[in-house]
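Here is the structure we will look at, set down as structure tokens.
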Amino acid sequence: MNRDTKQVLNFCIENLEEISVEATQDYYAHLPLCVIDSIFSIGVKYEGVKNTIARICGYYKIGIAAPQSGKIPSKKTQIPVSKFNEMLADHTPLFLAENVYQNRQRTSVKNGILKAEAVSRFLSVLSDFDVEYFQDVGKISNNKSFELCIKNIPGQRSTISLKYFFMLAGNESLIKPDRMILRFLYDATDKWYSLEQSQELLLGVSQELNARGYVMTPRRLDNLIWNYQRAQPKGSASY
């Protein structure tokens, strides 16, 4: 075990109070909600994201959470991606932002587009790759062509939203390497890491935790770190 992994491991054990508690990871009722969460969550407080998702679900009268806690919903209960995109296509991005999401945030301050539009573009790419349900996400895992298409959406170059989408869709091996994660790693090691380095580091930490009897995946570790950082006075609730 290298020095950085050991430092973060010890910091996790000392500070993450729920690290010993086995917990299930819940899922959304429909795969498009993972897209909405991943796009709208960048650089903002997560409570606002939850409100945005609640508003669009209320507008279309659809459920938010999967029927069974901790389990990916069956195809028969999900709205397919192409159908969801058709629903959104009835309106302009500005109408969606103002009246459906009630959220006019943009993907970036400079040359960004409405996050409402970014969601629709992301969904269109999923349809192009024949991904309709949670059960189809394996088709695009490690697919460089798919990743390039998403990166071509304004504001998605860093792939933070893409990684978070895969997490929400059930990939247990990924983290969302945003500023909350990077700040936690800095507090543990007094170093700043790149997005790739933070992913590799927390993968190693989660493996070490499992070796010590904890039930841990990078996805769950990401969630525990976020909850910890959210409670810190210097932290932000962005996720």
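Within segment 105-140, being over 26 Å from Thr77 (Cα atoms) and of a type in the set (Ser, Thr, Tyr) holds for Thr107, Ser108.
For Ala89, the stated conditions hold: it is exposed (fewer than 14 other Cβ atoms within 10 Å of the Cβ), aliphatic (A, V, I, L, M), farther than 28 Å from Arg230 by Cβ and in the same structural domain as Ser127 (by TED's automatic domain parsing). You will find that of Lys151, Lys115, the residue that is modelled with pLDDT of 95 or more, basic (Lys, Arg) and touching a helix residue (DSSP H, G or I) at 6+ places or on another chain (Cβ under 7 Å) is Lys115 and no other. Residues in segment 137-196 that are closer than 20 Å to Leu126 by Cβ and of a type in the set (Asp, Glu): 1 in all.
Beta carbons closer than 6 Å, at least 6 apart along the sequence or on distinct chains, never pair a first residue in segment 102-123 that is touching a residue at least 40 places away in the same chain (Cβ under 8 Å) and in a strand (DSSP E or B) with a second that is surrounded by 22 or more Cβ atoms within 10 Å (Cβ to Cβ) and of a type in the set (S, T, N, Q). Among the conditions (1) surrounded by fewer than 21 Cβ atoms within 10 Å (Cβ to Cβ); (2) in a helix (DSSP H, G or I); (3) not assigned by TED's automatic domain parsing to the domain that holds Ala118, the only one that Leu148 does not satisfy is (3). If you filter segment 7-55 down to residues that are at pLDDT 95 or above and among the aromatic types (Phe, Trp, Tyr), you find that the one that is nearest to Ile225 (Cα to Cα) is Phe11.
Of the residues in segment 209-226, at least one is part of a loop (DSSP other than H, G, I, E, B), of a type in the set (Val, Ile, Thr) and under 16 Å from the mean Cα position of the chain (by Cα).
Please indicate, with yes or no, whether at least one residue in segment 82-89 is of a type in the set (Ser, Thr, Tyr) and free of Cβ contacts under 8 Å to residues at least 40 places away in the same chain. I'd like the intermediate steps shown before the answer.
Looking only at segment 82-89, we keep the residues that are of a type in the set (Ser, Thr, Tyr), and these are 82.
Subsequent filtering for residues that are free of Cβ contacts under 8 Å to residues at least 40 places away in the same chain retains none.
Checked segment 82-89: no residue is of a type in the set (Ser, Thr, Tyr) and free of Cβ contacts under 8 Å to residues at least 40 places away in the same chain.
On the stretch given as segment 17-32, residues that are within 26 Å of Gln135 (Cα to Cα) and in contact (Cβ under 8 Å) with a residue 60 or more places away in the chain total 7.
Among the residues of segment 44-59, what is the count of those that are among the hydroxyl-bearing types (Ser, Thr, Tyr) and either in a strand (DSSP E or B) or crowded, with 17+ Cβ neighbours inside 10 Å (or both)?
Result for segment 44-59: 2.
In this structure, Val21 qualifies as of a type in the set (Val, Ile, Thr) and either surrounded by fewer than 14 Cβ atoms within 10 Å (Cβ to Cβ) or at positive phi (or both).
Would you check if Ser69 is in a helix (DSSP H, G or I) and either assigned by TED's automatic domain parsing to the domain that holds Leu162 or without any contact (Cβ under 8 Å) to a residue 40 or more places away in the chain (or both)?
Numbers: in a helix (DSSP H, G or I): no; either assigned by TED's automatic domain parsing to the domain that holds Leu162 or without any contact (Cβ under 8 Å) to a residue 40 or more places away in the chain (or both): yes.
Criteria not met by Ser69.
This table checks each residue for (1) without any contact (Cβ under 8 Å) to a residue 24 or more places away in the chain; (2) not polar (S, T, N, Q).
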| residue | (1), (2) |
| --- | --- |
| Arg179 | no, yes |
| Glu196 | yes, yes |
| Ser206 | yes, no |
| Ile225 | no, yes |
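The values are calculated or read from the model by the stated rules, or taken from the named source; none is laboratory data. Bear in mind that the values here come from a model prediction, so they are computed numbers and not experimental data. Glycine gets a Cβ as well: all are built from the backbone with ideal geometry, and neighbour counts include every protein chain shown.
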